[in-house]
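J.: Below are the structure tokens for one structure; questions will follow.
The values are calculated or read from the model by the stated rules, or taken from the named source; none is laboratory data. Bear in mind the structure is a predicted one, so any value in this text is a computation, not a measurement. With ideal geometry, Cβ positions are generated from the backbone for all residues, glycine too; neighbour counts draw on all protein chains shown. With ligands, DNA and RNA removed, areas are computed over all heavy atoms of the protein, side chains included. Shrake-Rupley method; radii C 1.70, N 1.55, O 1.52, S 1.80 Å.
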Amino acid sequence: MSYEIKLEVFQGPLDLLLYLIKKNEIDIYDIPIALITRQYLEHLDKLRSLNLDLAGEYLLLAATLIHIKSKMLLPAEEEPETEEEDDPRQELVEQLLAYQTYKEAYLKIAQLPVLDKDVFKRGNFPQEEPGRKEEEKIEANLFDLIEAFQRILSSWDQAEIMEIDREKINLAEKMNEILSSLEVKDGLSLEELLEGAKTRRRLVYTFLALLELMKQRIIKAYQNVSFGPIRVYLSVA
């Protein structure tokens, strides 16, 4: 039986677009549509290959990018006395900027202690505790995980990955295996979590189990730098 994870519970299409803009170090006001459209479609192919159920919004944005790309490929009409034509990217840029603003505000609120989100108490301002600060971590998103998984998959020798027909794999068991490993060690790299899988099917199911645990907020994935190696930890209650 196949297993699908609905992608919209993790991120949205604008998240993927912002991820690609950040990864390519692109000026959001001057998006190279041809490049971004190609990479966006490549990512959709990767998501489909992992049996992830794409929400309609992802396909709608793909169509929008293709439409913008086609408009920018049209030759400009030579009418020097008329006002400059609107940039076909302008509406998309405005959507991205508005989405980015709301997302950053949400993330700041989400980082507050639960007490300070809905209930406030009187007291002194907290003082920084002496001693060394914990190394800052950046929470990895779905697209970071997809890219890291694809890199691991492509780096492994295909001869080492055996294919066994009709192999029965239980997603719940894979989830329990991951949790058991994380209970023994305080954090594991993505490579360590995948190294026990000997078939491509097991690799994919282990990765889907990771995504399901993230969806349920049982585990979290972090990087020390953007687009760096990923380590997975049990969520702190």
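J.: When the residues of the stretch 62-89 are filtered to those that are modelled with pLDDT under 85 and of a type in the set (Asp, Glu), which remaining residue is surrounded by the fewest Cβ atoms within 10 Å (Cβ to Cβ)?
T.: GLU81
J.: Hey, can you tell me all the residues within the stretch 3-14 that are open to solvent by 10 Å² or more (accessible area, probe 1.4 Å), farther than 17 Å from ILE68 by Cα and either modelled with pLDDT of 85 or more or not basic (Lys, Arg) (or both)? Spell out the reasoning first.
T.: Keep residues of the stretch 3-14 that are open to solvent by 10 Å² or more (accessible area, probe 1.4 Å), which gives 3-4, 6, 8-14.
Of the ones still in play, those that are also farther than 17 Å from ILE68 by Cα are 3-4, 6, 8-12.
Within the stretch 3-14, TYR3, GLU4, GLU8, VAL9, PHE10, GLN11, GLY12 qualify.
J.: Identify all residues within the stretch 192-229 that are closer than 16 Å to LEU153 by Cα, surrounded by fewer than 20 Cβ atoms within 10 Å (Cβ to Cβ) and in contact (Cβ under 8 Å) with a residue 60 or more places away in the chain; write none if there are none.
T.: Hits for the stretch 192-229 are VAL204, PRO229.
J.: Something else now. Restricting attention to the stretch 35-42, does a residue exist that is touching a Phe, Trp or Tyr at 6+ places or on another chain (Cβ under 7 Å), open to solvent by less than 90 Å² (accessible area, probe 1.4 Å) and within 16 Å of GLN90 (Cβ to Cβ)?
T.: no
J.: Something else: Could you please find all residues in the stretch 198-223 being under 15 Å from the mean Cα position of the chain (by Cα), assigned to a helix (DSSP H, G or I) and over 16 Å from ARG48 (Cβ atoms)?
T.: Within the stretch 198-223, LEU210, GLU212, LEU213, MET214, LYS215 meet the criteria.
J.: Suppose the filter is assigned to a helix (DSSP H, G or I), closer than 30 Å to LEU211 by Cα, of a type outside the set (A, V, I, L, M) and modelled with pLDDT of 75 or more; does TYR106 pass it?
T.: no
J.: Might you let me know whether the stretch 184-191 holds any residue that is touching a residue at least 60 places away in the same chain (Cβ under 8 Å), assigned to a helix (DSSP H, G or I) and either open to solvent by 20 Å² or more (accessible area, probe 1.4 Å) or more than 23 Å from ASN51 (Cα to Cα) (or both)?
T.: No - not one qualifying residue is present in the stretch 184-191.
J.: Just to check your reading of the model, which residue among LEU153, LEU145, LEU208, LEU190 is on the phi < 0 side of the Ramachandran plot and either of a type in the set (Val, Ile, Thr) or modelled with pLDDT under 85 (or both)?
T.: Going through LEU153, LEU145, LEU208, LEU190 in turn, just one is on the phi < 0 side of the Ramachandran plot and either of a type in the set (Val, Ile, Thr) or modelled with pLDDT under 85 (or both): LEU153.
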